[in-house]
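The values are calculated or read from the model by the stated rules, or taken from the named source; none is laboratory data. If you're wondering where the values come from, they're calculated on a predicted model, not measured in any experiment. A quick note on method: Cβ atoms are made from the backbone with ideal geometry, for glycine too, and the neighbour counts reach across all protein chains shown. Just the protein is used for accessible areas: all its heavy atoms, side chains included, with ligands, DNA and RNA removed. Shrake-Rupley method; radii C 1.70, N 1.55, O 1.52, S 1.80 Å.
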Amino acid sequence: MIDTFKIERRKIPVKISIKGLLGLMECNFIVDTGASHSIINSDLLRTIGYYKKHEYKKEMLTGFAGHSIDVPFLKVKSFMCLGLTRRNFDLGFIEFRSTIFYDGILGIDFFLNHKLILDLKHGIIELE
């Protein structure tokens, strides 16, 4: 599927749909092919019925600057973006600062086994 984007704050925004225990939620993530895992702002999960009790594992994630944080993960019923639906998708969750302008990070885990094309000149993202 092909979609368009406008780079905002040097980030590539994409629309995400997450199906949870209480319904569907749409939110705005940014594409980060350097991130190993997809992460969402924990405050949003409650709106679709997920709580800390749904955590099934924790993983130590290390950022570019070498700082590590222990991130809890849960499995969401479905996670959809760019025409691709992942079922029982592992999603990390942490509390975001109020100055963050997006709801989550779409990491490389979502794109595995697919071809991702980013055209930054024309603002086109394609997933095959």
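Give me the net charge for the shell around residue 43: Cβ to Cβ below 14 angstrom, other residues only, Lys and Arg +1, Asp and Glu -1.
Result for the local shell: +1.
Under a plain spin-label model, where a point goes 7 Å from the Cα along Cα-to-Cβ, how far apart in nm are residue 94 and residue 58?
So the two model labels end up 1.4 nm from each other.
Pick from 38, 78, 68 the residue whose mean-square fluctuation is largest in a GNM of the chain, springs joining Cα atoms under 10 Å.
Answer for the Gaussian network model of the chain: 68.
Rounded to a whole number, what % of the accessible area of the chain do carbon and sulfur atoms account for, probe 1.4 Å?
Answer for the chain: carbon and sulfur cover 53 percent of the accessible area.
Using Cα positions and a limit of under 21 Å, work out the lysines in reach of residue 57, with same-chain residues fewer than 8 apart set aside.
The reachable lysines, counting only those whose Cα sits under 21 Å from residue 57, are 19, 75, 77.
With springs only between Cα atoms under 10 Å, which of 62, 85, 33 fluctuates most in a Gaussian network model of the chain?
The residue that fluctuates most here is 62.
For the chain, which span is the longest to avoid every loop-located (per DSSP) member of trypsin sites (Lys or Arg not before Pro) having at most 12 other Cβ atoms inside 10 Å?
With trypsin sites (Lys or Arg not before Pro) excluded where exposed in loops, the chain gives 11-96 as its longest stretch.
Would you mind calculating the gained length between residue 65 and residue 87 on full extension (0.36 nm times residue separation, minus the Cα-Cα distance), in nm to one decimal?
Full extension of this stretch gives 4.8 nm more.
Please calculate how many Å² of accessible area the chain carries per residue, with a 1.4 Å probe and no DNA, RNA or ligand atoms counted.
61 Å²
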